[in-house]
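Chemist: Input: one structure, supplied below.
The values are calculated or read from the model by the stated rules, or taken from the named source; none is laboratory data. These figures come from a predicted structure and were not determined experimentally. Cβ coordinates were reconstructed from backbone atoms using ideal geometry, including for glycine residues, and neighbour counts include every protein chain displayed. The accessibility values were calculated without ligands, DNA or RNA, using every heavy atom of the protein model including side chains. Shrake-Rupley method; radii C 1.70, N 1.55, O 1.52, S 1.80 Å.
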Amino acid sequence: MGMLDKLKNRTQRAKGRAKENAGRGSRDPYLEAEGRKDRTAGGAKQVAEKAKDAVREVGRTTRR
């Protein structure tokens, strides 16, 4: 499940980057803002996934 979530987050960040660039190219501030929002949300989710991985790793190493 973790790997699939990470892939979804990277896809969301890439989609946001594309929207942001398209908004800049077409001079559409709303599309650019939507892209920035998608990119930021994907990045935040990615940070949460990394934190969960770190907690799991700590749990694995302290059990032994």
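Chemist: Determine, from the Cβ-Cβ distance of A18 and E57 and an R0 of 25 Å, the FRET efficiency 1/(1 + (r/R0)^6), rounded to the nearest 0.05.
Modeler: Efficiency at R0 = 25 Å is approximately 0.15.
Chemist: Under 12 Å from a label point 7 Å along Cα→Cβ of R10: give me every residue in region 38-58 with its amide N that close.
Modeler: It comes to no residues whatsoever.
Chemist: So, one more: Could you work out the relative contact order of the chain? I mean the mean sequence separation of Cα pairs under 8 Å and 6+ apart, divided by the number of residues, in percent.
Modeler: In percent, rounded to a whole number, it is 34.
Chemist: Same structure, new question: How much of the accessible area of the chain, probe 1.4 Å, is carbon plus sulfur, in whole percent?
Modeler: 57
Chemist: Pick from K52, K15, K37: which residue has the top mean-square fluctuation in a GNM of the chain where Cα pairs under 10 Å get a spring?
Modeler: Comparing K52, K15, K37 in the GNM, the peak value goes to K52.
Chemist: Which one, R27, R17, R36, has the greatest fluctuation when you compute a Gaussian network model over the chain with C-alpha springs under 10 angstrom?
Modeler: Between R27, R17, R36, it is R27 that shows the largest mean-square fluctuation.
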